[in-house]
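Structure first, then comments.
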Amino acid sequence: MKHFLRVVTQFFVFLYCKCLWRGLKFVARKFTGRCELQRICSNNKHGARRTLKIESSLRYSKNELLQSALSVHPDKVEKTIDDIMALKKINPDTNPQLAISLQASLMQIVGYRSLVAEVEKLRREPYDCENPEHEDMLMKLWKELRPDTPLTCRISKQWCEIGFQGSDPKTDFRGMGLLGLHNLLYFAEHDKASALQMLHDSLQPKHNEMNTPDWEQKNLDKAIGYSFAIVGINITDLAYSLLVSGALKTHLYNVAPEMPSLQNLQQTFCYLMQEFHRFWIEEDPSDIMEFNRVRSKFHRRILRQLKNPDMALCPHFAASNLHLVNL
């Protein structure tokens, strides 16, 4: 029965997209005298609401020029906008704002695609202990997180102090490649106070192993007990899945005025690390064996938030605070 309902639903969605939707577009254009792209730009402020609608309009267009606009090179965006304006018979001299709005949104769209490719390349690049740049990044991570404790040697159990599983961190980077190291180092360098606090908290004992007076006297947080670096690699995987699934478009289109960059994703990673830390404390798991459950629940919460087209996970990086005018 469920399969039948799913098939019926898909059929009506197809019917809407192929017939009714196009009919409504035709009526709206005749009634307003403006094409769909004009209506989207005039009725929606710059950000995810506008860009997601423009992206959908271009993707489901019958015109090859409009469909191909989604995959143009960033250097070709301006010419593509000129071609779209000509196709729609819109005079750029009398509608200069439309070209500006379309260009800003199309830059976000093609920039997102470029970011996915850049992130995928980092994820696929394995950590190489023979590569001086890789080793230098790893040493920087240690110095940022343990500034007062020299590393006795490259292969050392000391790595466990910052949350790696063994004496050589390279084995922990296999899942996310260099992307995991890049994110951890960015967090340690650009949000150092939060990173050090999380590392400190992660090393604290369970509160239920202490009596209440001792707990209050030591002023410790609730249950922590996770491996900082391993959690960072797991949250990197979470951020990566949000990116490649397209769920992160809502956030990035709201915080990046034009092309989303790796820095935007790393700022998002910092936010996710801090939020997961708070969420872990709220969930108060009995031990690290509950990590997958807590992570899955946290992932679902972030996905729900990202369904809001006005959502910016990092509000202090929101495009609205960058004084964007007339986009």
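The values are calculated or read from the model by the stated rules, or taken from the named source; none is laboratory data. Worth saying up front: this structure is predicted, and the values here are computed from it rather than measured. Ideal geometry is used to build each Cβ from the backbone, glycine not excepted, and the neighbour counts take in all protein chains shown. Keep in mind that these areas ignore ligands, DNA and RNA; they rest on the heavy atoms of the full protein, side chains included. Shrake-Rupley method; radii C 1.70, N 1.55, O 1.52, S 1.80 Å.
Taking the Cβ of residue 49 as the center, what net charge do the other residues with Cβ under 15 Å away carry, scoring Lys and Arg +1 and Asp and Glu -1?
The answer is +3.
Subtracting the Cα-Cα distance from 0.36 nm times the residue separation, let me have the gained length for residue 293 to residue 39 in nm, one decimal.
Working it through step by step, the gained length comes to 87.0 nm.
Given a Förster radius of 22 Å and the C-beta distance between residue 304 and residue 245 as r, what FRET efficiency does 1/(1 + (r/R0)^6) yield to the nearest 0.05?
Here the calculated transfer efficiency is 0.95.
Kindly report, to the nearest 10 Å², the accessible surface of residue 250 as traced by a 1.4 Å probe over protein heavy atoms only.
Accessible area of residue 250: about 10 Å².
Full-extension gain between residue 9 and residue 87, please, as 0.36 nm times their residue separation minus the C-alpha to C-alpha distance.
Answer, rounded to one decimal: 24.7 nm.
Can you sort 75, 310 by solvent-accessible area, 1.4 Å probe, largest first?
75, 310
With each label point set 7 Å from Cα along the Cα-Cβ vector, what nm distance links residue 193 and residue 262?
Placing both labels 7 Å along Cα→Cβ, they lie 2.8 nm apart.
Can you work out the accessible area per residue across region 25-122, with the rest of the protein chains kept in place, probe 1.4 Å, in square angstrom?
So region 25-122 comes to 54 Å² accessible per residue, rounded to a whole number.
Can you tell me how region 219-311 classifies by the Cα gyration tensor, rounded, prolate or oblate, using a/c under 1.5 as the rounded cut?
Note, shape of region 219-311 comes out prolate.
Enumerate the amide H contacts of residue 258 below 5 Å, restricted to partners 5 or more residues apart or on another chain; note that Pro and chain-start residues carry no placed amide H.
none
According to the square roots a ≥ b ≥ c of the eigenvalues of the Cα gyration tensor, what is the shape class of region 37-77, taking rounded for a/c under 1.5, prolate for a/b larger than b/c otherwise, and oblate for the remainder?
Note, shape of region 37-77 comes out oblate.
With all protein chains present, calculate the accessible area of residue 154 using a 1.4 Å probe and round the result to the nearest 10 Å².
Rounded to the nearest 10, the figure is 50 Å².
On full extension of the chain, what length is gained from residue 71 through residue 283, given 0.36 nm per residue of separation minus the C-alpha to C-alpha distance?
This chain segment gains 72.1 nm when fully extended.
Could you tell me whether region 25-122 comes out rounded, prolate or oblate from its Cα gyration tensor? Rule is a ≥ b ≥ c as square roots of the eigenvalues, rounded for a/c under 1.5, then prolate if a/b exceeds b/c, otherwise oblate.
prolate
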